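Inspection log for the structure reproduced underneath, given as structure tokens.
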């Protein structure tokens, strides 16, 4: 004959409470771990290779745009300016959590573009910089912060809130700048 | 909405340009480099070696915070493609320095009424050589204004604050377009000026409606063109950072020459120098010449002002300009220039000869 151990009712209540407390604690710990993990990855939005691939893609979009396309998105390069050479440092994507280029619909990045026609050094040839939003799906579209108002507000309107801090910071990727400078020096001749 | 208006204006400009035979593209460049305009000096102030802009000057920093760095990278493009020579009634009071708000870049932050913009120090009654960038050369006139005595620097700049100093048509250029060359002309500054003023230059193209606008903050305090409020280590003193100077030694040539070099951290790979010539003879000179040898590969960025380069580096020779060769005994003249490379240390030995 099987005997079932039955706890007294008071013990049952305490046990259920203990289980609930333990479960709640576990959930809290899990949440805390997630929060910490998210905070640690606030500047990261995916694997490094995704960042590199997106930087390359956005660089191509900017450097291969026609003068008309540049004007349409707010860059006023002219015929005297020669070639456009850009450094790009992505800081976010949409949708959040995309891990492959094919999944990314929007890239948020810092750009710094110089023109070879100035026949000057890299630094004195830069003509545009700052955060931009680039739509990759379909025909690539570049959006720059609108002018004529509060610049910080325009930047915040351009990128998701989770990217505001990075967008308002300066261009932080020195390696990207050096690589662009090398290409610039090579093309300037 | 404003962006749509900009796009529409640009589209119209492009369309119009395509109908005009031999028209130039809408993009042209020109802003005063000496006395430096607000945008030119703020660009020099904030430009770092890697191309980023991080302002040292607080007025420049506030302007960058308000409108981003892209306008400042285009310091030479304070323009209106529809300017047509117009002033009052077209450019509103308080927006003279930005040329209003209809240009391709938003320079309205550079209209701010502040007393800490970069500053050029001048002497009333002296003659200076104005330099205005010529990235794209065009026929036209430069109208130079100065604020009237008694104007209020603590209020937005109004057209009624300004009076015309001179108008110059098609002045000579220091070098070809592209790069940091410039138009130049001599300007006699009025006497009876003291304290803070604004020199405003309006470039009116003769071959299109495009106009350019430059506000230069100046102070009449006996200065010789020194610039303060640019780069690190800014101080309210008008004396710029001075590197080792040469001691003037009497030469058989009857004149001495003293070297003073100013490092320019806002312009990577460049410095600015000034040489003061003094007649140590007992009779007036007809002309003078200063020679020195660079040993560090230094060169010239554009032409000297108030002097004529008569021999290229490394063995440099600068002779007087047409208007400052005649020096009475003990009188001085000074010429200056922008240079490439690092400041020579020690300062080069200068030889001065008169004729």
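Numbers for the structure displayed
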{"item": "Inter-centroid distance (Cα atoms) of segment B:282-355 relative to segment A:65-133, Å", "result": "44"}
{"item": "R0 of 45 Å, Cβ-Cβ distance residue A:69-residue B:332: FRET efficiency to nearest 0.05", "result": "0.20"}
{"item": "Listed peptides A:146-157, B:66-77 by packing density, highest first (mean Cβ within 10 Å)", "result": "B:66-77, A:146-157"}
{"item": "Proxy reagent accessibility, fewest Cβ within 10 Å first, across B:90, B:220", "result": "B:90, B:220"}
{"item": "Residue B:49-residue B:169 pseudo-label distance in nm [points 7 Å out on the Cα-to-Cβ vector]", "result": "4.9"}
{"item": "Residues B:270, A:110, sorted so that the one with the fewest Cβ neighbours within 10 Å comes first", "result": "B:270, A:110"}
{"item": "Estimated distance in nm for a label pair at residue A:101 and residue B:93, the labels positioned 7 Å out from Cα along Cα-to-Cβ", "result": "5.8"}
{"item": "Residue mean of other protein chain beta carbons inside 10 Å, A:80-92", "result": "1"}
{"item": "Taking A:107, B:316, B:164 and counting other C-beta atoms within 10 Å, the order from fewest to most", "result": "B:164, B:316, A:107"}
{"item": "FRET efficiency, 1/(1 + (r/R0)^6) with R0 35 Å, evaluated for residue B:159 and residue A:150 via beta carbons", "result": "0.80"}
{"item": "Averaged over A:167-173, number of beta-carbon atoms from partner chains that fall within 10 Å", "result": "2"}
{"item": "Peptide B:63-74, shielding by other chains (average Cβ, 10 Å cutoff)", "result": "6"}
{"item": "FRET efficiency for residue B:283 and residue B:115, using Cβ-Cβ distance with R0 set to 30 Å, rounded to 0.05", "result": "0.05"}
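We did not get these values from a lab; they are worked out from the coordinates using the rules stated. What you see is a predicted model; the values in this text were computed from it and never measured. FYI the Cβ positions are ideal-geometry reconstructions off the backbone, even for glycines, and counts take in every protein chain you see.
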